[in-house]
Amino acid sequence: PPQDGEDTATYSRRIINGAFEQVSDAADLGTRIHAGIETAFKEGISAVSEDVYHYVKLVKQDLEFAGIKIVQHELRLVNEFDGYAGTTDAVMVKDGKQGILDFKSRTTKPGVKIEPWETEPMQIAAYYVAKFGRIPPYGAIGANVYISTTEPGRVQIVTYDDVQLEQAWEAFKAANSLWQYLKGYRPK
């Protein structure tokens with residue numbers, strides 16, 4: 001609420017600053033969790049900083065429970081033919097299928113299912129094609145691992161099969177072509 005004697009402009013500025021501070025704090029926590037996951041892959045879980053240890057431990061447990069094995073992490077990928085590049089969080093194997101996995105921190109609400117944003121399967125599909133060349137029928141898999149920053153201990157894994165990845169790949173190609181057209185930029 002407005003403070004005693006606080007004018008409307010000052011009150012508005014304080015509220016807006018507070019909102020951006022919350023967003024910044026959440027982003028910072030997400031960055032620290034991601035760094036903790038990377039540390040766990042490189043150096044082991046015992047090397048993870050105390051402030052994010054609980055998050056990372058639960059992610060590792062949930063990956064194991066889901067039968068997901070990480071085989072590479074923080075891998076830079078380039079697709080010269082379609083003209084894009086990026087860094088994937090992980091290359092994984094699940095049920096004998098190779099795939100791409102990406103970690104996402106999210107603010108969540110108790111009892112509300114975490115749904116992927118429309119671009120997240122597209123990102124997985126684009127990295128899949130950059131890594132493996134194409135999305136094979138019956139052989140591709142992708143996953144997003146959502147880590148709640150508002151419900152400590154909540155981790156949700158969403159997987160994508162070859163049909164979903166192929167649809168997401170088609171959408172990504174269209175968006176990529178449009179972006180290149182609008183920007184007048186086509187990487188060589």
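Data overview
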item	result
Which numbered condition residue 88 fails, given (1) free of Cβ contacts under 8 Å to residues at least 12 places away in the same chain; (2) in contact with a Leu (Cβ under 9 Å, 6 or more places away or on another chain)	(1)
Residues being part of a helix (DSSP H, G or I) and among the basic types (Lys, Arg) - total across the stretch 117-149	1
Single residue of the stretch 131-173 satisfying the filter (among the small types (Gly, Ala, Ser) and surrounded by fewer than 11 Cβ atoms within 10 Å (Cβ to Cβ)) that is nearest to residue 107 (Cα to Cα)	153
Residues of the stretch 94-116 satisfying the condition of being at negative phi and assigned to a loop (DSSP other than H, G, I, E, B)	107, 108, 109, 110, 112, 113, 114, 115, 116
The stretch 31-73, subset of a type in the set (Gly, Ala, Ser) and touching a Lys or Arg at 6+ places or on another chain (Cβ under 8 Å), residue least open to solvent (accessible area, probe 1.4 Å)	40
Residues within the stretch 88-130 that are among the small types (Gly, Ala, Ser) and surrounded by fewer than 18 Cβ atoms within 10 Å (Cβ to Cβ), tallied	2
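Listed here are the residues, each with its yes/no results for (1) among the β-branched types (Val, Ile, Thr); (2) part of a helix (DSSP H, G or I); (3) touching a residue at least 24 places away in the same chain (Cβ under 8 Å).
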{"position": "39", "(1), (2), (3)": "yes, yes, no"}
{"position": "57", "(1), (2), (3)": "no, yes, no"}
{"position": "64", "(1), (2), (3)": "no, yes, no"}
{"position": "92", "(1), (2), (3)": "no, no, yes"}
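The values are calculated or read from the model by the stated rules, or taken from the named source; none is laboratory data. Just so it is clear, the structure is predicted and the values come from calculations on it, not from any experiment. Note that we place each Cβ from the backbone using ideal geometry, even for glycine, and neighbour counts take in every protein chain shown. Heads up: the accessible areas ignore ligands, DNA and RNA and are worked out on the full protein's heavy atoms, side chains in. Shrake-Rupley method; radii C 1.70, N 1.55, O 1.52, S 1.80 Å.
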